[in-house]
Amino acid sequence: MDRFFAQLDELLKRLHGAGYGGYKRLQGRVFRDRGLELRVIHVQADPFAPPSTVAVRVERDRADLPAWAFANSVRRVACADFIHRNLARLARQWAKPLGTGRSGEIDVPRPAQEVLQRSTVTVFDTGDVLVRLGVGLPATGRRVRGREAAELLCHVLPRLVLEATVRGEIDLGALRTHVETVEDATWLREQVTAAGLVAFVADGAILPRRSGVDDRPMGADEAVPFSSPPSLRKEFELPNRGKISGMAIPAGVTLIVGGAYHGKSTLLRALERGVYNHVPGDGREFVVADATAVKIRAEDGRYVAGTDVCNFIAELPTGADTTHFVTQSASGSTSQAAAIIEALEVGAKCLLIDEDTSATNLMVRDARMQRLVPGEYEPITPYVDRVGYLFRQLGVSSILVVGGNGDYLDVADRVICMREYRPIDVTEEARRVARELPTGRVPVRRPWRSIRRRLLVPETIDPSRGRKACAVRARGRGALEFGSELLDLAAVEQIVESGQVQAIGLALARARELLPLARMSPGECAVQIESLIREQGLDWLDRAGRAVLSEFRAHELAAALNRLRSLRTRPAD
Ligand code: ADP
Ligand code: MG
């Protein structure tokens, strides 16, 4: 039986039967053997606590990965993602309880369908691979099971890491596909933007998912593959895969219309995720959106910390200042207006909106309602009267799902109709309908006012709780414990996994020491942090090396910051 780290092996066997605290002796220790280096980063306090953190470095000669797998940073992220998925699968197969509580557990976070930089696996430009995972150090009650621990750390774990990582063990063909697909998608997104487009959906793409809680693709027997309308079809030549064709959505105002259940929301959801790359076989590998695209939705009850919503909501019956709008409980329309402005503050160039999750009164107000409730009693300038300005003056495109409201036909640059999951270009028809059937609606003509800048009040971003200076913990994909607050992120739909939430939390916790926050807006803070992390790497957020982190965009960081109920801002002028 192949055993590694003889010294560790011996040490663990000697600990057999000792109190659990005996394991603490391992903390910080490093063991080397035949191209592997095992480092014990943190030892859990008891067998029920979250598993201990262990890092294993596989040296380049041992890993022997082909040079193409780590030739550039995009390929390194893809390669690491591939190894991560191998590890997650092998760890699940291992799952063997070795005593009390979490004894024997090998804990590898389960990745979403998106390919992201993560702290679990790092592939370096030297070809070295660093793997970080949780190991439940075995015990019976509070007694160390040293023999089992030796088996786990000196045999099972190195075996598993090697099997997930090294040439000869891994499927090189699959790795190649993984790396090339991710590189192609990254390249495609850049080309799409350079060509003046905001999104691209490849012919043959599978957009629907297995279920609302299962993000894997719908089975081939059921799913209708995507097929572009001829008028919107465009070809790209990908660096690895060669030619692909698909539907190109130019910058501007695009409507997705069609009957209920014909696949409108499914298309929009694929575009939301199109800011990320996907694993081969996902079906959305070559569905890409502008990297700054943001999903906008209503979220009544959310907190708003001084966002200037006056371009959508002029004055409220309460007399509240809507250029510095603060509320502990926004309505549907004010929450959606805030989301739009906050996205612009971070530099979004494309907004994605679905009627299913929108506040109707923010989106439109029809002729009859205009007559019944005169303009002076209606503070809202609906999105339909801003969408054109947003594009033409601010360069911000919109892709909107509207199945129920024809008023948008007047402002659309193009209209895509989903019919039995197939898109049809109905732009000409829509123009004719708009001409022949005027709505009688009078556009609201309030001039657009430049967005009022607001500055952070730094001490209101406080990650401490009791004696703990930094109490930050992701609760799955949809919530973050931040100091004494539980931050609800369920409506921030472009967060795809809990590692992103954890990374966002740590980034916010460190923002005060890193940046002159008192002179920054939430959006500026988010953009700065994003670029700092791009320079320094994710690990830089976590000096202890224990956290499970995934990369995130400035948009999602800003979304979290803007929802923090303790946050205060002040107008810059
Ligand atoms: P809409 O927003 O137009 O009402 P949805 O996008 O919610 O429709 O889709 C309705 C249902 O059809 C969903 O269950 C979805 O999974 C399924 N669906 C969507 N696109 C496809 C497709 N291309 N092939 C098969 N089923 C699909
Ligand atoms: Mg829908």
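The values are calculated or read from the model by the stated rules, or taken from the named source; none is laboratory data. Computed from a predicted structure; not experimentally measured. Cβ atoms come from the backbone with ideal geometry, glycine included; neighbour counts cover every protein chain shown.
Within the stretch 256-268, the set of residues being within 12 Å of Ala199 (Cα to Cα) and more than 9 Å from ligand 2 (Cβ to nearest atom) comprises Leu267 only. Of the residues contained in the stretch 317-325, one or more are found to be buried (at least 17 other Cβ atoms within 10 Å of the Cβ), away from ligand 2 (no atom under 16 Å from the Cβ) and not polar (S, T, N, Q). Taking the stretch 511-521 as the range and being at pLDDT 95 or above, surrounded by fewer than 21 Cβ atoms within 10 Å (Cβ to Cβ) and part of a helix (DSSP H, G or I) as the test, the residues that pass are Ala518, Arg519. Of the set (1) free of Cβ contacts under 8 Å to residues at least 24 places away in the same chain; (2) assigned to a loop (DSSP other than H, G, I, E, B); (3) more than 16 Å from ligand 1 (Cβ to nearest atom), all apply to Tyr261 but (3). Here is the figure for the stretch 428-456: residues that are more than 18 Å from Ala507 (Cβ to Cβ) and touching a residue at least 60 places away in the same chain (Cβ under 8 Å) total 15. Scanning the stretch 447-468 for residues that are over 24 Å from Arg519 (Cβ atoms) and either exposed (fewer than 15 other Cβ atoms within 10 Å of the Cβ) or among the hydrophobic types (A, V, I, L, M, F, W, C) (or both) returns Pro447, Trp448, Gly466, Arg467, Lys468.
With the condition kept exactly as written, say whether any residue in the stretch 98-112 is touching a residue at least 12 places away in the same chain (Cβ under 8 Å) and in contact with a Cys (Cβ under 9 Å, 6 or more places away or on another chain). Looking through the stretch 98-112, none of the residues is touching a residue at least 12 places away in the same chain (Cβ under 8 Å) and in contact with a Cys (Cβ under 9 Å, 6 or more places away or on another chain).
Counting only helices (runs of 4 or more DSSP H) that sit completely within the stretch 140-216, those holding 1 or more residues that are more than 16 Å from ligand 2 (Cβ to nearest atom) and in contact with a strand residue (DSSP E or B) (Cβ under 8 Å, 6 or more places away or on another chain) correspond to 157-165, 172-194. Note on the stretch 476-500: among residues that are in contact with an Asp or Glu (Cβ under 9 Å, 6 or more places away or on another chain) and in a helix (DSSP H, G or I), the one that is nearest to Ile340 (Cα to Cα) is Gln500. Name the residue that is farthest from ligand 2 (Cβ to nearest atom), counting only residues in the stretch 269-294 that are assigned to a loop (DSSP other than H, G, I, E, B) and within 17 Å of Ile256 (Cβ to Cβ). The selected residue is Asp290.
Filtered by the rule that a residue be surrounded by fewer than 23 Cβ atoms within 10 Å (Cβ to Cβ), over 25 Å from the mean Cα position of the chain (by Cα) and within 16 Å of ligand 2 (Cβ to nearest atom), the stretch 326-363 gives a lone residue, Thr360.
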